[in-house]
Amino acid sequence: MNRRSHPTQAGFTLIEMIISLVIFAMAIVVLSRFLFPQISLSAEPHYQARAAALANAMMNEILARKFDANSDDNGEQIRCDDTQDLQGVEIDNPCAITLVANTEQQLTTVDDYIGCWQGKSARCQDGNGRPLSNALGNSIAADYRHFTVTVAVFYDNNLTNNPNPTTAVTPHNYKRINMVVDSGRYGRYSFSAYRGNY
């Protein structure tokens, strides 16, 4: 008996190749439309946490400073706007009416932080940003690349986020500190706090 060997099929047919290409194309479309855009959003919580940590550190540093340049350096026992010293002697110790940042490097009052602070590879809008630094004065700009922090300070005795009229007769009890941390393309985050004249 003579047996003929039948050739066995080895490989894909043309129809199977076309079907597999169509399925592969649909998978690529699904990935590129739905999954890949989500990957860029996965970094957002990381940048939110970093922005919150930076804001917390800076806000704590600001709140630890004196209320005003005319406040006592000895634990603020004599505050600005006080009319008597600790012995009852009358004094004239007004609070500053206009709040401006100190141009020197010493950061001694809440007002000295007014302005823009920038990390490495970031620029403030006005071009006059100072490098981010910690409480000891060491630069942390490299740790916060592409971050900027903008600080505004004003008197707000009514706690309404509206500046008080800037007159000498207005009591100066509270300063509101508004801070905006910009993390580049991952969003801007606002923070605020009050510093009391105590």
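The values are calculated or read from the model by the stated rules, or taken from the named source; none is laboratory data. The model shown is predicted, which means the values in this text are computed figures rather than measured ones. Every residue, glycine among them, receives a Cβ derived from its backbone with ideal geometry; neighbour counts consider all protein chains shown.
Side notes on the structure shown:
- Residue selected from the range 179-191 under the condition surrounded by 14 or more Cβ atoms within 10 Å (Cβ to Cβ) and in a strand (DSSP E or B), by the criterion nearest to the chain's Cα centre (by Cα): V181
- Any hit, the range 34-41, residues being free of Cβ contacts under 8 Å to residues at least 40 places away in the same chain and among the small types (G, A, S): yes
- Any hit, the range 92-103, residues being within 27 Å of the chain's Cα centre (by Cα), more than 22 Å from Y174 (Cα to Cα), assigned to a loop (DSSP other than H, G, I, E, B) and assigned by TED's automatic domain parsing to the domain that holds F154: yes
- Some residue of the range 160-178 being under 20 Å from the mean Cα position of the chain (by Cα), in the same structural domain as A52 (by TED's automatic domain parsing) and closer than 30 Å to S42 by Cα: yes
- Residue match in the range 48-58 (condition: in a loop (DSSP other than H, G, I, E, B) and either of a type in the set (S, T, N, Q) or out of contact with any strand residue (DSSP E or B) (no Cβ under 9 Å at 6 or more places or on another chain) (or both)): no
- Residues within the range 69-88 that are under 14 Å from D111 (Cβ atoms) and out of contact with any Lys or Arg (no Cβ under 8 Å at 6 or more places or on another chain), tallied: 3
- Taking each residue of the range 7-18 that is on the phi < 0 side of the Ramachandran plot and looking for partners that are at pLDDT 90 or above with beta-carbon atoms closer than 9 Å, six or more apart or interchain, yields F12/S20.
- Residue in the range 145-178 that is surrounded by the fewest Cβ atoms within 10 Å (Cβ to Cβ), counting only those that are assigned to a strand (DSSP E or B) and of a type in the set (D, E, K, R): R176
- When D92, D68, D81 are screened for being free of Cβ contacts under 8 Å to residues at least 24 places away in the same chain and of a type in the set (D, E), only D92 passes.
- When A142 is tested against (1) at pLDDT 85 or above; (2) of a type in the set (A, V, I, L, M); (3) surrounded by fewer than 12 Cβ atoms within 10 Å (Cβ to Cβ); (4) within 29 Å of D81 (Cβ to Cβ), only condition (4) is not met.
- Residue check for Q84: under 20 Å from R195 (Cα atoms), polar (S, T, N, Q) and surrounded by fewer than 18 Cβ atoms within 10 Å (Cβ to Cβ): no
- Of all residues in the range 10-32, those that are part of a helix (DSSP H, G or I) and modelled with pLDDT under 85 total 2.
- Taken across the range 72-83, residues that are in the same structural domain as G137 (by TED's automatic domain parsing), part of a helix (DSSP H, G or I) and closer than 29 Å to V149 by Cα do not occur at all.
- In the range 127-137 there is no residue that is touching a Lys or Arg at 6+ places or on another chain (Cβ under 9 Å) and over 22 Å from Y47 (Cα atoms).
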